[in-house]
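The values are calculated or read from the model by the stated rules, or taken from the named source; none is laboratory data. Keep in mind that what you see is a predicted model, and the values were worked out from it rather than measured. Neighbour counts are summed over all protein chains in view; Cβ atoms, including those assigned to glycine, are modelled from backbone coordinates with ideal geometry.
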Amino acid sequence: MTTRTNTSTGPRTTPVTVRVPAKVNVQLAVGAARPDGFHDLANVFLAVSLFDEVTATPADALTVTCEGPDADKVPLDRTNLAARAAEILAARNGLAPLVHLHIAKNIPVAGGMAGGSADGAAALLACDALWGLNTPREELLDICAELGSDVPFSLVGGAALGTGRGEVLTPVPAGSFHWVFAVADGGLSTPAVFREFDRLAEGTGIPEPQASPALLTALASGDPDALAATLANDLQPAALSLRPSLAATLDAGLGAGALAALVSGSGPTTAFLAADEEAAAKTAAALEASGTCRATRIASSPAPGATVLPH
């Protein structure tokens, strides 16, 4: 543990709010299970314009509250990544984590869009600003990686290739794209989806995960037809095995004119690439009318990473 004194800003007495985006994996290539239980990935992240906001306020103890869709499904104890982020940052700086974290939840919960990871990154940045620490970016990313594989990208945003277990990020260029997300009833456990991936792949040779050059070129071009032809998610068969009803949602979106459809990350949220904003609205309306999902959300990409909002 180290104690850091910062004379340039000092701790704040007013709340700090950080806005943080959801993500979609436009490519998720999964390698064989490693000895530590993780899988090597080639994970092309794209941040989308669905945001959570986390507000950090000085308090007598570490507490977490949450509002918004499915807020009742968000843990409010120390298992919440927002709380863990505050604890780790405080411990590294010889501080007590005396903060109240309020999450305004807008990213689907347990939906494969990194909502929990986003909250961890947002809380980390909010507490860093609240406590006047000015932690170097690389140290923040190191804490993010300690919190979870998707958390570093939530801090960075934009578009990036994640390798290792997804935490080693290389920014990649990305044009603008339009998306529809169909929210399913209930969630899917990411570890359970990876276990099903391992079960389905048992006895087969799993190649080393590699980013697709064609996908990276299409992503940079901003051409939705080119990107549609290259979208891929190695976890999709496992998610469909655990939740067969998602196949009907994917079919409904494609039938409504989406250029491509895939399960977002480990699911169960499904993602649909649209030609433009008007096409996205039509796809969303058709999906809601199909009865194959609980709700739809329209978003664009890329979106910025975790950002401190002005008060």
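Points worth noting:
- So Ala211, is it among the aliphatic types (A, V, I, L, M), surrounded by 14 or more Cβ atoms within 10 Å (Cβ to Cβ) and either within 17 Å of the chain's Cα centre (by Cα) or in the same structural domain as Glu138 (by TED's automatic domain parsing) (or both): no
- Flag for Ala85 being under 20 Å from the mean Cα position of the chain (by Cα) and either within 23 Å of Val263 (Cβ to Cβ) or part of a helix (DSSP H, G or I) (or both): yes
- Residue count for region 147-171, restricted to those that are surrounded by fewer than 19 Cβ atoms within 10 Å (Cβ to Cβ) and part of a loop (DSSP other than H, G, I, E, B): 1
- Which numbered condition Ser290 misses (of (1) among the hydroxyl-bearing types (Ser, Thr, Tyr); (2) under 22 Å from the mean Cα position of the chain (by Cα); (3) more than 21 Å from Ala42 (Cα to Cα)): (2)
- For Thr204, the requirement of being assigned to a loop (DSSP other than H, G, I, E, B), among the β-branched types (Val, Ile, Thr) and in the same structural domain as Thr292 (by TED's automatic domain parsing) is met.
- Between Cys66, Cys144, the distinction of being outside any helix (DSSP H, G or I), crowded, with 21+ Cβ neighbours inside 10 Å and of a type outside the set (Lys, Arg) belongs to Cys66 only.
- Checked against the criterion of being more than 30 Å from Ser212 (Cβ to Cβ), of a type in the set (A, V, I, L, M, F, W, C), part of a strand (DSSP E or B) and modelled with pLDDT of 95 or more, the candidates Ala61, Ala22, Ala29, Ala56 yield just one match: Ala56.
- Once region 102-137 is narrowed to residues that are of a type in the set (D, E, K, R) and part of a helix (DSSP H, G or I), the residue that is surrounded by the fewest Cβ atoms within 10 Å (Cβ to Cβ) is Arg137.
- Matching residues, region 12-32, being more than 13 Å from Val308 (Cα to Cα), in contact with a helix residue (DSSP H, G or I) (Cβ under 9 Å, 6 or more places away or on another chain) and crowded, with 24+ Cβ neighbours inside 10 Å: Ala22, Lys23, Val26, Gln27, Leu28
- Residue ID - farthest from the chain's Cα centre (by Cα), chosen from residues in region 33-47 that are surrounded by 15 or more Cβ atoms within 10 Å (Cβ to Cβ) and over 13 Å from Asn233 (Cα atoms): Ala33
- Within region 240-259, the set of residues being in contact with a Ser or Thr (Cβ under 8 Å, 6 or more places away or on another chain) and among the aliphatic types (A, V, I, L, M) comprises Leu246, Ala248, Leu250, Ala252, Ala256, Ala258.
- The sole residue among Leu155, Leu161 that is outside the structural domain of Pro268 (by TED's automatic domain parsing) and over 13 Å from the mean Cα position of the chain (by Cα) is Leu161.
- In region 176-185 there is at least one residue matching the filter, namely being loosely packed, with under 14 Cβ neighbours inside 10 Å, in contact (Cβ under 8 Å) with a residue 12 or more places away in the chain and either within 30 Å of Thr292 (Cα to Cα) or not assigned by TED's automatic domain parsing to the domain that holds Ala32 (or both).
- Residue list for region 69-82, filter: in a helix (DSSP H, G or I) and of a type in the set (D, E, K, R): Asp72, Lys73
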